[in-house]
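Notes follow once the structure below has been shown.
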C-alpha cells in the first residue's frame, strides 16, 4: 500500500495516519469514481460507500452502468430508480449510518425530469407523446450522463444523504458526464439550430432571412432523404421544450459547480494493464485541466511477488536435470521470476502515470483470490483501500 | 485450445468484436485483423468510439478518418460521426447541405443532439467499407470492427433499424435494410465476444450471448483472454506435501547450489498455491462459459508476461488465433502434401 500526495480541498485535520480515501469517506459529500471498463470501478465505489455507512454516514451509491454490476457486487438482484437500502449479509444496521443503492433507469429518470420541470401537465404530455422523444430518450448516447447528473443533483438537493458515491460508465462516457453541463449549454446556445428547426414565424427579419432560406433547403433535403417529416418531429420536440431551457441550463451549471466544489472528490480507478492506465492518465489530466477536485488513483489487481534471493547462473540447468523435486523447484523459480517481472513492469507503468499527473495520490490493491460480490468481499477490498499510511 | 468454428478468419467479411469493458476487446480486434492479414487477406480494422485504442496496438499515436496502412495488408480507420455525416450527405448529392452545416458548425451539434443518428452513421460507414468494390473486386476482404462494449452493442448495431422506423421510405430506409442484410448474414458476418476467465465477465458474456442471439445476429467464437497456463498440473499432491514439509525441496536446492532458505521456499510454494487456485477457478469458469455458449467455439489466449499492449503483443496473439483456426490445419496439410 502506498499513498502519495494530498487531495486538494478536503479537510486535513484528520492526521497523517489516515489514508486519503479515509479522509474522503469522513468528509466528502460526493465521490465520483471513473475509469475504463472492467477495472473494478463499481466494487471500489461500493466499498467506499460501505465504509462511509459504517463510519456513521448516511450514504447512497448510484450506478449508471447498465450492466448491473453493482447489483451483483452488493448481492442484490434488482436495483430501481429510487435508492433502496442495501441489506447484504453482515451489514450493520444499528449505527447512525446507512447504505442505500440505486441503478439509473434512464427512461424513467428522463420522464420524471420532464414531469417535474414542465410548465404544466399539458407541456409534459406534449413532450412525452412526441415520437422523436419516445425513440431517443432511451437510446440516445449521452442521455445517460445527463440523466445521471440530474439524479445526482436531485439526491444532493434532497439532503437525505451525507455522502453520494457515483459509479460512472467507462471513461469515454464518464467524460461526457463531466461535459454534460457544457454540452447542454452549447446545445441551448445553438440559437442557429433553434432557428433551423423553429416554425417560420419565429424567424426574425433582416440578416436572418438568409438563414431562413437555408432552413427551408435543409428541411426539403431531409424530407427527401427520410421520406418523412423527421425534422418536423425533431422541431416539435424542441419547440415543446420551450420555456424549460433556462431551468435545464441553470441546473446543469449548478451540477457543474457541485462537481468542482471542494467537498467533491474524483477517484480514478484503473488496473496495472497498459490500456487501463493510459485511460486513467487521460482522465486524470482532463480532470486536472478542468480544475476538478481530483485526488486519488486506485489501482486494482496489482501483482505482488514475494522476496526470494536471486539464484546463481547454472542453478536452473542443474535443477532441470535433477530429480522430480528439483524440476518442480525449477518450475517454481521460473514462475516466481515471471511474476516478479510482471510486478516490476506494473510498478514502472504506475510510476510513469503518477509522474505525469502531479498531486495524484495512489492506492494499490493487490490481486485478490476471490472477486468481490458480497458485503464481506467489499469489506476485504476496503481493508486494502483504507489501510493506514505508515507514518 | 478450442478450435474456431468455420473459417472465421478465412471466410468472414465482417467481424464485430465486442465484450465487457476491460476484457481485451480492442486487442482481440487488432489481433484478428493481423491474423487474417497473415493469411493473405486485405483487412480494414475500424474503431468507432473515438478512444484511439487501436492506434497504440499498431505502434501509432492515432488513427484518423483516412484509411491508413498500419501493418502489412492491414489498414486502420477511426470513424467519426461528423465526418460520416459529411460523407453521407455527399453521397446522396447533398454536398451543399454538408458545406452549409460545416459552415454553421452544426454537424457536431446534429450528431450530438441525436446520437442515435451518430450510431447510424458509424454503422453505415462500416457497412460501406465492408461492401466497397474497387476495380471489380471487394476493396477489403475483411472488415474488423472494434465495436462498443456488450452493454451497448445491440442498440448500436440496430441503430439503422431504429431510425429507419422513423423513415418509412427513401434512401435511409433502403440503406438500413442493406445494413441489416449484411449484419444478419451468417455467411458474411460474425459477432466475436471477448471475455476474461472471471466471475462477472463470464456472467455478462452469457447474458450478452442471449441478447445477441435474440437480436438475430450471427455469433462467432468467444475469445477468453488472460488465461493462466497450468504449468504445475498433475503435481498438486506433491506441492501440498512439500508445503507441509519443504525439506526435500531444500535438499534439491542445496544440491543445485541455490541458497534458498525456508522463508524463500515458503514464498515459492505460496505463489504456486495462489497460481494453482487461480488456474482451478479459471478452468471452472471456462467450463461454465463453454456449457453456456452452446456449441460456439471458445478460444483461449494466455495472460501475456508483462501486461503490455503494443504491436509485439498483437503479433503474438495473432499467431495464436491463427493456430486456433481449423483452416490453419488444412493449410499445414496442404503445405505438407
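Summed over segment B:319-333, the residues that are modelled with pLDDT of 85 or more and more than 16 Å from residue B:224 (Cβ to Cβ) give a count of 2. When segment A:306-332 is filtered for residues that are more than 7 Å from every other protein chain (Cβ to nearest Cβ) and buried (at least 16 other Cβ atoms within 10 Å of the Cβ), the ones remaining, listed by number, are A:316, A:330. Given the residues B:218, B:197, B:248, which is the only one that is surrounded by fewer than 19 Cβ atoms within 10 Å (Cβ to Cβ) and farther than 18 Å from residue A:328 by Cβ? None of the others qualify; the one that does is B:218.
Residues that are more than 11 Å from every other protein chain (Cβ to nearest Cβ), touching a helix residue (DSSP H, G or I) at 6+ places or on another chain (Cβ under 6 Å) and closer than 26 Å to residue A:338 by Cα do not occur anywhere in segment B:199-217. Candidates A:337, A:344: the one that is at pLDDT 85 or above, within 30 Å of residue A:23 (Cα to Cα) and either part of a loop (DSSP other than H, G, I, E, B) or more than 8 Å from chain B (Cβ to nearest Cβ) (or both) is A:344. Number of residues in segment A:347-362 that are under 21 Å from residue A:45 (Cβ atoms) and at pLDDT 90 or above equals 1. Of the listed requirements (1) within 12 Å of chain A (Cβ to nearest Cβ); (2) at pLDDT 85 or above, residue B:119 misses just one: (2).
Can you confirm whether segment A:243-253 contains a residue that is at pLDDT 85 or above, surrounded by fewer than 20 Cβ atoms within 10 Å (Cβ to Cβ) and not in a loop (DSSP other than H, G, I, E, B)? There is no residue in segment A:243-253 that is at pLDDT 85 or above, surrounded by fewer than 20 Cβ atoms within 10 Å (Cβ to Cβ) and not in a loop (DSSP other than H, G, I, E, B). Residues in segment B:289-315 that are more than 8 Å from every other protein chain (Cβ to nearest Cβ) and in contact with a helix residue (DSSP H, G or I) (Cβ under 6 Å, 6 or more places away or on another chain) were compared, and the one that is nearest to residue B:62 (Cα to Cα) is B:314.
Yes or no: residue A:96 at pLDDT 85 or above, surrounded by fewer than 24 Cβ atoms within 10 Å (Cβ to Cβ) and more than 30 Å from residue A:281 (Cβ to Cβ)?
Details: at pLDDT 85 or above: no; surrounded by fewer than 24 Cβ atoms within 10 Å (Cβ to Cβ): yes; more than 30 Å from residue A:281 (Cβ to Cβ): yes.
For residue A:96, the condition - at pLDDT 85 or above, surrounded by fewer than 24 Cβ atoms within 10 Å (Cβ to Cβ) and more than 30 Å from residue A:281 (Cβ to Cβ) - is not met.
Filtering segment B:232-283 to residues that are facing another protein chain (nearest Cβ under 8 Å), in contact (Cβ under 8 Å) with a residue 24 or more places away in the chain and closer than 23 Å to residue A:321 by Cβ leaves B:232, B:239, B:242, B:269, B:272. Give the residue that is surrounded by the fewest Cβ atoms within 10 Å (Cβ to Cβ), with candidates limited to residues of segment A:31-56 that are closer than 18 Å to residue A:98 by Cβ and out of contact with any helix residue (DSSP H, G or I) (no Cβ under 7 Å at 6 or more places or on another chain). Checked segment A:31-56; the qualifying residue surrounded by the fewest Cβ atoms within 10 Å (Cβ to Cβ) is A:56.
Every residue, every condition in (1) at pLDDT below 80; (2) within 14 Å of chain A (Cβ to nearest Cβ); (3) out of contact with any strand residue (DSSP E or B) (no Cβ under 6 Å at 6 or more places or on another chain); (4) surrounded by fewer than 24 Cβ atoms within 10 Å (Cβ to Cβ), yes or no:
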residue: B:5; (1), (2), (3), (4): yes, no, yes, yes
residue: B:40; (1), (2), (3), (4): no, no, yes, yes
residue: B:45; (1), (2), (3), (4): no, no, no, no
residue: B:55; (1), (2), (3), (4): no, yes, yes, yes
residue: B:58; (1), (2), (3), (4): no, yes, no, yes
residue: B:67; (1), (2), (3), (4): no, no, no, yes
residue: B:76; (1), (2), (3), (4): no, no, no, no
residue: B:88; (1), (2), (3), (4): yes, yes, yes, yes
residue: B:95; (1), (2), (3), (4): yes, yes, yes, yes
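The values are calculated or read from the model by the stated rules, or taken from the named source; none is laboratory data. Please read all numbers here as calculations on a predicted model, not as lab measurements. Reconstructed Cβ throughout: ideal geometry from the backbone, glycine too, with neighbour counts over all protein chains shown.
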